[in-house]
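J.: Would you mind keeping the following structure in view while I ask a few things?
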Amino acid sequence: MVDNNNFALKTNNVYVHYGNKMAINNVALDFPKNEVTSLIGPSGCGKSTFLRCLNRMNDVIDSCKVEGSFIMNNTIDIYRDDLPIENLREKIGMVFQKPNPFPKSIYENVAYGPKIHGVTSSQSELDDLVKESLHRAGLYDEVKDRLTDVATGLSGGQQQRLCIARAISIKPEIILMDEPCSALDPIATAKIEDLINELKENYTIIIVTHSMSQASRVSTKTAFFHLGNLIEEGDTSKIFTKPDKEQTNDYITGRFG
Amino acid sequence: MSNIKKRLKAERRFKFYGQLGVFLSLLFVTLLMLKIFTTGSGAFFRTTIEADVFFDPKFMQVDKNSSDKEISRSSFEALADSVVNNNFKDLNEGQFIKVREMFTRRFDYQLRDYFLDNKDDYKKTVKLKITASSDLDQIVKGNYPRNVPEEQRKINDYQLSILDELNKQERIGSTFNFWFFTNGDSRDPETAGIWGAIMGSFYALMVCLAFAFPIGLFASVYLEEYTKPGKITDLIEVNINNLAAVPSIVFGLLGLGMLIGVFNMPFQVPLVGGLTLGFMTLPTIIIACRSSLRAVPPSIRHGALALGATKTQTTFHHVVPLALPGTLTGTIIGMAQALGETAPLLMVGMVAFVMEIPGGPLDPATGLPSQIYLWSESAERGFIEKTSAGIMLLLLFLILMNLTAVLIRRKVEVKW
Ligand SMILES: Nc1ncnc2c1ncn2[C@@H]1O[C@H](COP(=O)(O)OP(=O)(O)OP(=O)(O)O)[C@@H](O)[C@H]1O
Ligand SMILES: [Mg+2]
């Protein structure tokens, strides 16, 4: 249906174990470029686990073993030994469930990524990049007078947008978001959703969410997980209107989960 | 109904026990302080005897044109004797010795120091307040009783009569004893000071800090951030905790056996004392640093890692700075402990009689607690107040250090 080149990331035969416990069981899922894909499913079904495989954040967890193929842009195996994990994470950014700004200034938060990757060559270039990133995260107007204030003084929603600004400051190709709005109120959530809709012009976004309405508002593709299995994937409109599987239907209609 | 009464009664009883406990501990601390202050405050003042000093060319080898160096090298002993003879007429030899004993043995030094600053007084007569001997000082301060038989006194009847005469002429005075703060140790209590010991402790603590802080920090970072939990780390953990509970004298023996015995380092120097205190402080620092590292939320690490920071960048850009206040607090508390430790200093010889102020970590020195220990061992009455005054200073330093630790903790407390 879609031409191969339009996938930012393709995964196949993915198994994840925590010790002896299986968390992901033979999942194959592809993510179309410059579109938003949402991962849904009941709590504990392995959405976060799967998402963390995509930028190898599972490597941090000692007991976690990941198998399978993960191909980025049809060429790069992201688990290849000679690919530095730091380069991979430069290409695949992540926004966490709980806003986790560094307890440094707002400016420092956004400037940190470009600094360590040597993205900019001068201070003014860095200033511009920080400004631009904050702008695209829809936060600039709110914080432009206090860039040197400590970031942990911002509201939860502002902090989360700061984390998004931080993630896009190094111009990744893919942004992973793990329930980015679960700690936020409806207004802050709406802002983040608007932001996601804008960002998808330039980025491939993969978002884990518990909110059906959020999934249907922001994503074009949806994947439904249950107990480590990928039950069903497809166009968001189709999944939410006439899913093929009974389980999916039960979940989206709120009959279990 | 009766039940609630009983419970309230028990509550009141418990509260009373608590208050009693607090009261008693405060009482003991107050008594201790009071005792130390009343005994120690005398050390900050010394008794003086006013005397006419004629800078008589007959008894001096130098004059107003001599260089400071020449003056420093020349003897003022004869001049001091002449001052005694001039101020107390017609003394026979026995009387002369007794009167001379009423002044400090360092009489000549005092004259020389004065002359260094006032060369124009050459051939002139000036009134100077000469420091009294410690025995006289103790009599004047009332620490020695006067109304006991002569043979039980250090000041005999003749000297007492001279003292009374001087008192009548209002020539007995008291002055702030800055020597206590600027001198090194001395055989004579009136000139003994604590500065040498303070510098000795200072150099030892600097060595301790320079040794234990970086090692403690890196060991903690490695254990917390780089090793995977397992049997070996558990073993190390248990050992470090045990090490923190090892009596300090054992570390002293380690310093003696290893630094001095194996590595042939010199005896008595702050370098060795500091390293020994460093062994002792290391576990304290590691424990404080590891718990501060553990208190840094993993989300901070994940945030940095997800941006493509390396493990080392994550650790040193984000985690360590956040753990630093806690580590510093622990370090200062560890150093305060080290400052008060006597046993390790005893083992490595930092407990000898040292008159010179140490100029660096390789000069022979005593430490503050060992100086206090030395003075407390001394039979002379004049050293008792020095002992207490030394304790006061030690407590002051401890309080200052602990206060700094608390302030750092307050000030840099991180909010997530
Ligand atoms: N660090 C870990 N160690 C061991 N098991 C884990 C770990 N993280 C997750 N698991 C297990 O893996 C399974 C999937 O967890 P995961 O966090 O991926 O679920 P989730 O779909 O994100 O759930 P939620 O919606 O509640 O966030 C769960 O059974 C969980 O207990
Ligand atoms: Mg999750």
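Nothing in this text is a laboratory measurement; each read-out follows from the coordinates by a stated rule. It should be emphasised that the depicted structure is a prediction, and the values quoted were computed from it without experimental measurement. FYI the Cβ positions are ideal-geometry reconstructions off the backbone, even for glycines, and counts take in every protein chain you see.
J.: How about the stretch A:175-257: which chymotrypsin sites (Phe, Trp or Tyr not before Pro) there lie in a loop by DSSP and see at most 16 other Cβ atoms within 10 Å?
T.: A:Phe256
J.: Now a separate question. Taking the protein assembly as shown as the region of interest, what is the percent of Cα-Cα pairs per 10 angstrom bin, listed from the shortest bin to the one with the maximum distance?
T.: All Cα pairs considered, the percentages come to 3, 12, 15, 14, 12, 11, 10, 8, 6, 5, 3, 1, 0.
J.: If you don't mind, there's one more thing I want to ask. Output wanted: per-residue J couplings in Hz (rounded whole) for the stretch A:64-71, from phi through Karplus 6.51 cos²θ - 1.76 cosθ + 1.60, θ = phi - 60°, x for Gly and Pro.
T.: Each residue's phi maps through the Karplus curve to give 8, 10, 10, 10, x, 10, 10, 10 Hz.
J.: In µm²/s, what is D for the stretch A:4-252 at 4 °C and 1.567 mPa s, where D = kT/(6 pi eta Rh) by Stokes-Einstein and Rh is the Kirkwood radius from Cα pairs?
T.: Numbers: Rh = 18.6 Å.
Translational D for this selection: 70 µm²/s.
J.: Which one of B:Thr366, A:Gln247, B:Cys208 is farthest out on the positive end of the charge dipole of the protein assembly as shown, using unit charges on Cβ (Lys, Arg +1; Asp, Glu -1) and the Cα centre as origin?
T.: Among B:Thr366, A:Gln247, B:Cys208, the one farthest towards the positive end of the dipole of the protein assembly as shown is A:Gln247.
J.: Kindly write out, for the stretch A:185-192 in residue order, the coupling ³J(HN,Hα) from the Karplus curve 6.51 cos²θ - 1.76 cosθ + 1.60 (θ = phi - 60°), rounded to whole Hz, with x marking Gly and Pro.
T.: Residue by residue, the stretch A:185-192 yields 7, x, 5, 5, 4, 4, 5, 5 Hz.
J.: Using 7 Å Cα-to-Cβ label points, what is the A:Asn73/B:Phe23 separation (nm, one decimal)?
T.: Result: 7.9 nm between the two label points.
J.: Lysines near B:Lys9 by alpha-carbon distance under 16 Å, same-chain residues fewer than 8 away left out - which ones?
T.: Cross-link targets: none qualify.
J.: Can you pick out the pairs among B:Lys35/B:Lys141; A:Lys33/B:Lys311; A:Lys171/A:Lys238; A:Lys104/A:Lys131; A:Lys47/A:Lys115 whose Cα atoms lie more than 21 Å from each other?
T.: Where the Cα-Cα span goes over 21 Å, the pairs concerned are A:Lys33/B:Lys311; A:Lys171/A:Lys238; A:Lys47/A:Lys115.
J.: In nm, what is the difference between 0.36 nm times the number of residues separating B:Leu116 and B:Phe37 and their Cα-Cα distance?
T.: Gain in length upon complete extension: 24.9 nm.
J.: A further question follows. Take peptides A:171-178, B:261-268, A:59-66, A:148-155 and line them up by average Cβ neighbours within 10 Å, highest first, as a rough protection proxy. Could the numbers behind the result be given before it?
T.: Numbers: A:171-178: 22.2, B:261-268: 12.4, A:59-66: 14.4, A:148-155: 16.2.
Highest mean packing first, the order is A:171-178, A:148-155, A:59-66, B:261-268.
J.: When you look at the Cβ of every residue in A:164-173, what mean number of other chain Cβ atoms sits within 10 Å?
T.: 1
J.: While we're on this one: Three principal axis extents, largest first, for the C-alpha atoms of the stretch B:350-411, in Å?
T.: If we take the Cα atoms of the stretch B:350-411, the spans are 46, 30, 13 Å.
J.: For the stretch B:195-415, would you read off the P(r) tail past 27 Å as a percentage of all alpha carbon pairs?
T.: Distances greater than 27 Å cover 40 percent of the Cα pairs.
J.: Let me ask another. Of A:Gly153, A:Leu9, A:Ser182, which is farthest towards the positive pole of the stretch A:4-252's charge dipole, taken about the Cα centre with +1 and -1 on the beta-carbons of Lys, Arg and Asp, Glu respectively?
T.: So the residue we want is A:Ser182.
J.: Just to be sure I understand the model, the point goes 7 Å from the Cα along the line to the Cβ. What's the resulting A:Asp235 to B:Ile236 distance in nm?
T.: 5.7
J.: Taking 4 °C and 1.567 mPa s as the conditions, I'd like the Stokes-Einstein D for the stretch B:42-177 in µm²/s, using the Kirkwood hydrodynamic radius from alpha carbon pairs.
T.: Approximately 82 µm²/s, per Stokes-Einstein.
J.: Name the residues whose placed amide hydrogens come within less than 5 Å of the amide hydrogen of B:Ile130, ignoring near sequence neighbours (fewer than 5 apart) on the same chain.
T.: Distant-sequence amide H within range of B:Ile130: B:Ile49, B:Glu50, B:Ala51.
J.: Fewest Cβ neighbours within 10 Å first, please rank B:Ile249, A:Ile92, B:Ile198 accordingly.
T.: Starting with the residue having the fewest Cβ neighbours, the order is B:Ile249, B:Ile198, A:Ile92.
J.: Residue by residue through the stretch B:152-162, which ³J(HN,Hα) values in whole Hz follow from phi under the Karplus form 6.51 cos²θ - 1.76 cosθ + 1.60 (θ = phi - 60°), with glycine and proline marked x?
T.: The phi angles translate into 8, 9, 8, 10, 7, 4, 4, 5, 4, 5, 4 Hz.
J.: Let me ask you something else. Evaluate peptide A:84-93: per residue, the Cβ atoms of other protein chains within 10 Å of its Cβ; return the mean as an integer.
T.: Neighbouring Cβ atoms belonging to other protein chains average 3 per residue here.
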